[in-house]
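**Q** Please find one structure pasted underneath; my questions will follow.
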Amino acid sequence: VAVLEGADVPLAWSALAVAVVHGALALWLLPRPGAERLWTAYLLIAGGFAALAIPLAWGAEWTQAVWALEGLAFVWLGIEQRARLLRWFGVLLIAGAAASWLWLLVDGGDSMWDARLFGGALIVAST
C-alpha cells in the first residue's frame, strides 16, 4: 500500500482510461446483431471503472453519489433485459449509497448542508 501512497490522481486517470476503452468497445459492438450480452458486459465494465475513478480523484465523499448512479444504471438495465438479479443488485447499490451517506453524515459531516453531503443526498434521493 505504501508504494501507491499519494498516487490517487494517476490511478484515477488510469481507471478512467480503462473505462473509455471499454466504453469504446461497447459502442463498437452496439450495431452488431447477437452481441447484446457482450455489449452489456463491456458497458458494465466501463461503468465500474468510471465509478472507481471518481472516488480516487475526488475522495471518498463522492462514493455514495457514484453508487447511487451506478445502482440506477443496474436497475434500468435489469428492467430493460428483464433480469431480476440486476434489478436487485441496483437496489442494493442504492441502499448502500444511502447507508454511506448516513454514515458520512453521522461520522464526518459538519452538517447536512455541507456541499458534499447535500449533493450526495440529492443524488441518492433522486434514484
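The values are calculated or read from the model by the stated rules, or taken from the named source; none is laboratory data. As the structure is a computational prediction, the values presented were derived from the model and not from experiment. As a convention, Cβ positions derive from the backbone with ideal geometry for all residues, glycine included, and neighbour counts pool all protein chains shown. Heads up: the accessible areas ignore ligands, DNA and RNA and are worked out on the full protein's heavy atoms, side chains in. Shrake-Rupley method; radii C 1.70, N 1.55, O 1.52, S 1.80 Å.
**Q** What number of residues in the stretch 22-40 are assigned to a helix (DSSP H, G or I) and open to solvent by less than 80 Å² (accessible area, probe 1.4 Å)?
**A** Applying the first criterion (assigned to a helix (DSSP H, G or I)) to the stretch 22-40 yields 22-29, 36-40.
Filter once more, keeping what is open to solvent by less than 80 Å² (accessible area, probe 1.4 Å): 22-26, 29, 39-40.
Qualifying residue count, the stretch 22-40: 8.
**Q** Next question, about the same structure. Could you grab me the full set of residues in the stretch 1-17 that are outside any loop (DSSP other than H, G, I, E, B) and either more than 24 Å from Ala97 (Cβ to Cβ) or open to solvent by 50 Å² or more (accessible area, probe 1.4 Å) (or both)?
**A** Ala2, Val3, Leu4, Asp8, Val9, Pro10, Leu11, Trp13, Ser14, Leu16, Ala17
**Q** For the stretch 69-95, give me the residue count where each residue is touching a residue at least 12 places away in the same chain (Cβ under 8 Å), aliphatic (A, V, I, L, M) and open to solvent by 90 Å² or more (accessible area, probe 1.4 Å).
**A** The total comes to 2.
**Q** May I ask you to list the residues in the stretch 49-66 that are within 21 Å of Val21 (Cα to Cα) and either open to solvent by 30 Å² or more (accessible area, probe 1.4 Å) or in contact with a Phe, Trp or Tyr (Cβ under 6 Å, 6 or more places away or on another chain) (or both)? Walk me through how you get there before you give the answer.
**A** Initially, the stretch 49-66 is screened for residues within 21 Å of Val21 (Cα to Cα), giving 49-57, 66.
Hits for the stretch 49-66 are Phe49, Ala50, Leu52, Ile54, Pro55, Leu56, Ala57.
**Q** For the stretch 102-127, give me each residue that is open to solvent by 30 Å² or more (accessible area, probe 1.4 Å), assigned to a helix (DSSP H, G or I) and either over 17 Å from Trp67 (Cβ atoms) or modelled with pLDDT under 75 (or both).
**A** The answer is Leu104, Leu105, Val106, Asp107, Ala115, Arg116, Phe118, Leu122, Ile123, Ala125, Ser126.
**Q** Is there any pair with a first residue in the stretch 20-42 that is more than 21 Å from Ile54 (Cα to Cα) and a second that is open to solvent by 60 Å² or more (accessible area, probe 1.4 Å) and of a type in the set (A, V, I, L, M) whose Cβ atoms are under 8 Å apart and which are 6 or more apart or on different chains, and what are they?
**A** Leu29/Leu38; Trp39/Leu30
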